[in-house]
Structure formats: C-alpha cells, structure tokens
Amino acid sequence: MLRKSRATRMLTALLLTGAVSTQAQSQDAPYLNPKLPVEERVKDLLSRMSLEDKVGQMTQAERGNIKNLDDVSYYAFGSILSGGGSVPADNSPEGWANMIDMYQRETLKAPLKIPMLYGIDAVHGHNNVYGATIFPHNIGLGATRNPELVKKIGEATAKEVYATGIRWNFAPCVCIARDERWGRTYESYGEDPEIATMMTSIIDGMQGNLGQPGTVLATAKHFVADGGTALDSSTTGNYSLDQGDSRISEEELRKIHLPPYKAAIEKGVGSIMASFSSWNGVKLHGHKYLLTDLLKGELGFKGFVISDWAGIDQISNDPAKNVREAINAGIDMVMEPNNYPRFYNTLLSEVEKGNIPMSRIDDAVSRILTQKFKLGLFENPFTDRSYFNQLGSQEHRDLARQAVRESLVLLKNEQVLPIKKDTAKILVAGSNADDIGNQSGGWTMTWQGGSGKIIPGTSILEGIQKTVSSTSKVDYVKWPDPDQAKGYDLGIVVVGERPYAEGQGDRENLVLGDGDRRAIDNVCSAMKCVVVVVSGRPQILTDQLPKMNALVAAWLPGSEGQGVADVLFGDFNFSGKLPITWPKSMDQVPINVGDANYDPLFAYGYGLKY
Ligand code: GLC
C-alpha cells in the first residue's frame, strides 16, 4: 500500500475529527517565538501536537538503521544517533555536517517543524571523527584531580562536536568503578564518588551557557550503580560484570553511586542515560522508584531520561511490556537502534489502550522540548560550519597534552627519573610504546577501538624521540630478546592493554601479556629501566616490580602521547594520584579504599613526585 505522507495522514485525521486546526506554523505561533519563556513555548507546542507527534519525539533512531529517508519526516524522530563507529562515508567535519543537515531538512518537512537533536558518544574528544583531538579517558582525568582542566576539556570537546552539526553528547560517564575487572573501568573517573563528583565540571564545559555557539547537551550516565555490579558467571556461564546486577543496599547506592548525579543535576545536566544494569534483580530501565521517585522526584531532575542502546528490550521478551514498563518507569526517550517502527507503533498502541497515561507522554515530551528550546535548536537547526577549524586544533591538542602530563602517576622511582635528555643510548620496548590505537583505547574511531595508527597524533615513542638530544640514540624493539637488550644506558618499557569497550573488556585477570612480561624481564635485567603501563585499569605486576627501577601509570592518554615524555624527561613534574586502588593480586579484587584489611600494592590517592 502506498504509504501516505505524514502530513497527509495528519491533515486527514484533523479533517475527520473536525478539528480543522490549521496547525500551520505561521511564524507568529508562540512556540516559534524565541523571545517567549521556554515554558510558554513548550505549552503552546504541546497543545498543537498529535499523539503521533509526541511519540515521534520520544523515538531515537540510529542513522545506520534508517533505510528510507522519508521515514525521517514520516516519524519526525525526536533524535537520531550515531553509535560507536557509525560514521558517514566522508568522515570529515563537512561529511558529518552534510549528513546531519540532510536529516534535519527531512525532519523539518513535518508540519510542526520540530528539529531533530543528533546524539553521539564523544567520551574522550570527538572520538568517531578522524582528526579530532583524542583526550585521555576518564580514568586518567580522574588521576589529575583537576576539575578546572576537565572543564576546559568539556569546552574543547563541545566545540569539536558542535563543529560537525551535533548538539548532544552522551557524556560524561559518572560511573563509579568498584571492580577493576569491569570493561568500563576506564570510562570511570575512579572508585570513590569524590572524583566523579568534582569532574562533573565537564558538564559546565560542555553545556556552558546552553544555546550559545559551541555548546552541546551533556548526558550523565549510566543511572545508576552501573559500576557496582557483582561478578556473575552463574547464569550465562560466561564471565560477566557489565550490564550485571548491583547487589547492594540502598544506603551503599546512595553513598557510592548517587553523588555525581546530584552534582550533575545541580549543574543543570540536560539528559541522563539509564543503565543497562539491575539493582537487586530489577532492571534500571524499568525501575520506577529510581528513575522517577528518586531521580525526578527527590533529586528534582528536570531534563530528560534517555534509554541505553535497545536497553528496554532487556526488561522482558514482550515488546509491549517493555515499552509500557520503561515509559511508565520514567524513560522519556528510547534509543531504538534496531526497530523504530515497532517501538513507535507499540508506544502508540499502549497509549491508545490506556496502559500509559497521556500525562506521562506529555511529561516526557515536555522534558525533551525544553532541552531543544534551551539549545536554540529551533532557531539554529543546521550546522555552524565556521567551527570546522576546531577539529583537532593545536589549542585542543596542547590541552590534551597537558591532561596527559597531569594524568601520569609515579608509583616507583629509584633515581632513574627524570631521564637526562642527552642519555646516549635508550632502548624503548613494549606493546604500547608505538601504538596510538592502543594508547587511545576503546571508543576511538570504532566502538571497540583498535591497534595501530588509526588516528593522527603522537605515539609515546615518537614523543620520546622528539625529546631526547640530537646526540642520543633511541632504538625501538617491541619485545627484545636478551641479545637485543645489550649496550644501552636505559630502557623504557611501555606495556599494557589492547583496546576494548563495555562487556568485551570484562576480564577474569589483569596480568600483563607474555610478550610484555618478557620485555620487562629482558630489558630490566640488562639495564636501568622505566616501566610505563598504558591501560584502562591497574595491571597485576607485583612479581616483576623488584626488577623495575621506576614504574609509571599512564592510563589511556589518547592522541597526544608527547605528554608522557614531557614528564619522563623532567620538563614537568608528576602530579597524578591513583584514582583507583592498585591490587597486589587478583585475590584482592574487587578492592576499594575504605575496605576492611585494605592492603593493596599501591593505595587509592598514591602518587610520587620528583
Ligand atoms: C552503548 C553504551 C552507552 C552509549 C550508547 C550509545 O551501549 O552503553 O554508554 O552512550 O550505547 O552508543
């Protein structure tokens, strides 16, 4: 059957009901008047919206799943997103702007002309876009204990996101990582809520004076206690923490996992993303007490709650039940990457059956429209292309390099650091010395990230080579055998993890790979050595620690690896402190500051200086 255009269908409905409201959006319609208070604009627009218009606003489709461009005007999506790595063929600022402006033009063909809000994960810079500045992941920013620096990173990230026509960032993750085995530990600022709370400064950076050029909507995620899940290998037989069950008291939930959300709400965060995880067996995506009574009632959150990636489908095997429970629990917009027609029609049907009150729909839509008006999206729905030069700007790269420096934590130093720049012969080794993909970690160009030269920037080895004097000789051998580790004055062994994201990063153990372990043995037995760990979380290396003359935690520094050499060679001092406990062995994990019998290799907050 030839599908009627949405406008025709709408007009037909209006004619049939006799309410032949013009619905014409003459420019004097109050909701189109930016001089009016947001509340008035929301009220006026809501009064003009059909149930279909409202359901459209609550639907977020994934760009790769939109097979039919006229779906965009037909459904008039409230939002479209790019999941990790979901990029236009032309992955340049112009390519992004052209794609998003195309979707916006289509969206504005719908009668009410409500602009679409495009969302993306720019969790350590605009990490899907080639050439963007890639900042250290949150675990490294937590080590800086510098909220002002992190606010500036929020400003820089927002400008690079804004430059591509995107006005909504699914960041920051304010998760509190309580188990180092969790694959999202590096997305956390640390194990104690004090750090994530102070780092909500990034929201001030991103949202600024919301609606001004260069500002984007922030998202505090994933509400709540996503980092507090228990190891669960019982059910699936697999080993899993991510999206698991936080089996904790309400007192612990409030003490450990809630504080950063209070801070984010005080800062006016525009959206909050629900967690995939459960609390004592109940999925967050269907948890009315937490999403509505606590978040919107007690904490007074006035923004909107977005679900996670098909997260409502985890509630049960019944799509209607999932929609009903999620929306009634307090989800306002549904991230529906797979089947937006099913979600849209199911929500329409559940409201028409009376299973979801119109008051809940109106509350959700009002929350969404409020943020769109605050963003100035109705007045400026298209990309401001004057910002293209913000992508990977030298100013932003310098800021990222500063963040790398301040994120480094000195854990051991037997008078080998700082390294003299005129050291005659230096051997650099290890899997992460010359791999900008590994030093950037997950959520870089793709969802999982990847090894190799996947982005422009400076590897740690390149930073070392640029820092030493012209008379120095720097050799790089990834995993040197004993013969290759002869005749050098100093060794720098850069070890650690390969990229991963979310559950794919859950690990039963955190020991270094065999190649890196051999590199430490061969280099450190032949010369003075500095070991640098590039990882998303602590690595178990206690048995090899005595062989190391110095040990540095570098986390996941991103594109500006020069920051590591800046400190190793003494141009800057160390200032970082552990944001997470460094265990002696896997037997201690999970281990957190405040635990009884707390006896780690290096304690939360530990960090030496020159
Ligand atoms: C992912 C993550 C969430 C992200 C979303 C969209 O599964 O859980 O952090 O914002 O999907 O990419």
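The values are calculated or read from the model by the stated rules, or taken from the named source; none is laboratory data. Since the structure is predicted, the reported quantities are computational estimates derived from the model, not experimental observations. Positions of Cβ are generated from backbone atoms using ideal geometry, with glycine treated the same way; all protein chains shown enter the neighbour counts. Areas reflect the complete protein model, heavy atoms only, side chains present, ligands, DNA and RNA absent. Shrake-Rupley method; radii C 1.70, N 1.55, O 1.52, S 1.80 Å.
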Binned Cα-Cα distance frequencies in the stretch 55-389 - 10 Å width, integer %: 6, 28, 36, 24, 6, 0
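Indicate, rounded to the nearest 5 percent, the antiparallel portion of the DSSP beta bridges found entirely in the stretch 408-588.
20 percent
Let's see if you can work this out: charge +1 on each Lys and Arg Cβ, -1 on each Asp and Glu Cβ, no other charges. What is the dipole magnitude of the stretch 55-389 about its Cα centre, in debye to the nearest 20?
Numbers: 32 positive and 40 negative charges, 114 e Å.
About 540 debye.
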Please list the non-local residues whose amide H lies under 5 Å from the amide H of VAL511, H modeled 1.01 Å from N, same-chain partners needing a gap of 5 or more. ILE540
In degrees, nearest 10, range 0 to 90: what is the angle between the Cα axis of helix 147-162 and the longest Cα principal axis of the chain? 50 degrees
Dipole-positive endmost among GLN562, PRO590, ASN438 within the chain (Cβ charges, Cα centre): GLN562
Here the averaged projected area of the stretch 103-210, based on the convex hull of its alpha-carbon atoms and given in nm², is 8.0 nm²
Approximate shape of the chain as ellipsoid semi-axes (Cα gyration tensor, √5λ), whole Å, largest first: 47, 26, 19
Express the C-alpha Rg of the stretch 342-474 as a ratio against the empirical globular expectation 2.2 N^0.38 Å, rounded to two decimals. 1.82
P(r) for the stretch 408-588: what percent of alpha-carbon pairs falls in each 5 Å bin, starting at zero? 1, 9, 18, 22, 22, 16, 8, 3, 1, 0
Once phi is turned into ³J(HN,Hα) by the Karplus curve 6.51 cos²θ - 1.76 cosθ + 1.60 with θ = phi - 60°, what whole-Hz value does each residue of the stretch 84-99 show in order, with x for glycine and proline? x, x, 8, 10, x, 4, 9, 7, 10, x, 5, x, 5, 4, 5, 5
Distance cut-off 15 Å, percentage of C-alpha pairs in the stretch 65-161 lying past it: 66 percent
As a percent rounded to 5, the proportion of antiparallel DSSP bridges among beta bridges in the chain is 15 percent
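Applying 1/(1 + (r/R0)^6) with R0 = 60 Å to the Cβ-Cβ distance of LYS113 and LYS486, what FRET efficiency is obtained, to the nearest 0.05? Present the calculation step by step, with values, prior to reporting the outcome.
Numbers: r = 72 Å, r/R0 = 1.20.
Efficiency computed from Cβ-Cβ geometry: 0.25.
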Accessible-area composition of the stretch 408-588, carbon plus sulfur, in percent [1.4 Å probe]: 48 percent
q = 0.12, 0.14, 0.15 Å⁻¹: log10 I(q)/I(0) that the Debye formula gives for the stretch 265-343, counting C-alpha atoms only: -0.31, -0.41, -0.47
Using Cα pairs closer than 8 Å and at least 6 residues apart in sequence, work out the relative contact order for the chain, in percent. 16 percent
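Given the pairs LYS159/LYS288; LYS584/LYS609; LYS547/LYS584; LYS262/LYS412; LYS109/LYS302; LYS109/LYS152, which span a C-alpha to C-alpha distance of over 26 angstrom in this model?
On the way: LYS159/LYS288 35 Å; LYS584/LYS609 22 Å; LYS547/LYS584 16 Å; LYS262/LYS412 37 Å; LYS109/LYS302 29 Å; LYS109/LYS152 37 Å.
Over 26 Å apart, Cα to Cα: LYS159/LYS288; LYS262/LYS412; LYS109/LYS302; LYS109/LYS152.
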Leaving out ligands and nucleic acids, note down the accessible area per residue over the stretch 408-588 with a 1.4 angstrom probe, in whole Å². 34 Å²
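Using a probe radius of 1.4 Å on heavy atoms only, what accessible surface per residue do you get for the stretch 61-178? Whole Å² is fine. Spell out each step's value before the answer.
Working: 2760 Å² over 118 residues.
On a per-residue basis, the stretch 61-178 sits at 23 Å².
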Mean residue ellipticity (222 nm) of the chain, computed from DSSP H runs ≥ 4 via -39,500 (n - 2.57), nearest 500: -8500 deg cm²/dmol
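Return an integer: the convex hull volume of the alpha-carbon atoms of the stretch 107-162, in Å³ per residue. Intermediate results must be reported in sequence, preceding the final value.
Details: hull volume 5.5 nm³, N = 56.
It is 99 Å³ per residue.
What is the sum of charges around GLU414, taking Lys and Arg as +1, Asp and Glu as -1, for the other residues whose C-beta is under 13 Å from the C-beta of GLU414?
Working: positive: LYS412, LYS528, LYS547; negative: none.
In short, +3.
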Note the angle between two axes, namely the Cα long axis of helix 514-524 and the longest principal axis of the Cα atoms of the chain, as a number of degrees from 0 to 90, rounded to the nearest 10. 40 degrees
Disulfide-incompatible cysteines by the Cβ rule (no partner under 4.7 Å) in the chain: CYS173, CYS175
Between the helical axis of 394-407 and the dominant principal axis of the chain, each derived from Cα atoms, what acute angle in degrees is found, rounded to the nearest 10? 60 degrees
Provide the solvent-accessible area of MET586, counting protein heavy atoms only and rolling a 1.4 Å probe, rounded to the nearest 10 Å². 40 Å²
